[in-house]
Amino acid sequence: MNRSRAFLCGVLLLAAAGACGYSEEEMQAQRDRVDQLSRSLDNLGKQNKDTQDRLTATELQNAQLTEQLRKMGMNVTDQQRSMAEMNKLVEELKAKERQASQRLQTFRGMLERFNKMIASGKLRVRIVRGRMVVELSENILFDSGRADLKPEGQQALTEVAAVLSSIPDRDFQIAGHTDNVPIKSARFPSNWHLSTSRALTVTTYLSEHGVAGARLSAAGYGDTQPAAANDTPEGRQQNRRIEIVLMPNLDELPDLSQLKDMTT
């Protein structure tokens, strides 16, 4: 009920009072009641409007809070995902650090065991592309143009086999290399044949002296990977060599699983 309705009711009340012969005092009392009723209705209307305004404001606040919570939830999800990715990265870095430490320990252990042979000039040890390479020169192992081990070479390889067999869980590639002076004989039509035959000879000898054959492989590179320039006798002598390469374990190789879908 609004103010106009209250006024109408008041008029009707006053009219009814006059028709019934009310005195002036009684009529004034009726008018006072009408004014009081009108003010009460005004207050009720104002209170109702205030309640509606508060309800509207509350609904708006709820909508804003819901949106904020939604955004906060998305941010929390993103942060959790980022944290999980960061933890994964940290674990991967720790694993690589452990691998590098283990590899370094293996390298140091091999150097210590080969120290005597290094000092005597029978071999040298190099790090090539992150791999440990044990290098034996041709003049210790073979006569020129031949792939049969000399007695001195057999003695050196016996010492090498004792070291390699003591290193667990490692594979070794035996690589034959030559200089760029061509060879052409009935047995070796090219430097490829000579380097491969020498690598096979060394591989066989090591497998017969304590190194598991499953851990060995052989490769011949001819003159394609020189260690020095071939324009001097000294350089060509360095290039005529056998390398024993300490191969990386599978967990040390890069993860190529993401390329799987590209290869199928």
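In order along the range 235-249, phi translates into HN-Hα couplings of x, 5, 5, 5, 6, 7, 7, 10, 10, 10, 9, 6, 7, x, 6 Hz, rounded to whole numbers, per the Karplus curve 6.51 cos²θ - 1.76 cosθ + 1.60 with θ = phi - 60° and x for Gly and Pro.
Residues whose amide H comes within less than 5 Å of that of LEU216, counting only those at least five positions distant or on another chain, are PHE172 (H built at 1.01 Å from N in the peptide plane). Residues in the range 152-161 carry Karplus couplings, in order, of 4, x, 5, 4, 5, 5, 4, 5, 5, 4 Hz; the curve used is 6.51 cos²θ - 1.76 cosθ + 1.60 with θ = phi - 60°, and Gly or Pro positions show x. The simple spin-label model puts a point 7 Å past each Cα toward its Cβ; for MET247 and THR56 those points are separated by 8.0 nm. In terms of the mean number of neighbouring beta-carbon atoms within 10 Å, the peptides 123-132, 152-161, 82-91 order highest first as 152-161, 123-132, 82-91. Computed from the Cβ-Cβ distance with R0 of 51 Å, the FRET efficiency linking SER166 to ARG187 stands at 0.90. At an R0 of 25 angstrom, the distance between the Cβ atoms of GLU112 and HIS209 translates into a FRET efficiency of 0.75. If you wrap the range 105-251 in the convex hull of its Cα atoms and look at it from every side, the mean projected area works out to 8.7 nm².
Bear in mind that the values in this text are calculations on the coordinates, not laboratory data. Not measured: the values here are computed from a predicted model. Virtual Cβ from ideal backbone geometry, glycine too; neighbours counted across all protein chains shown.
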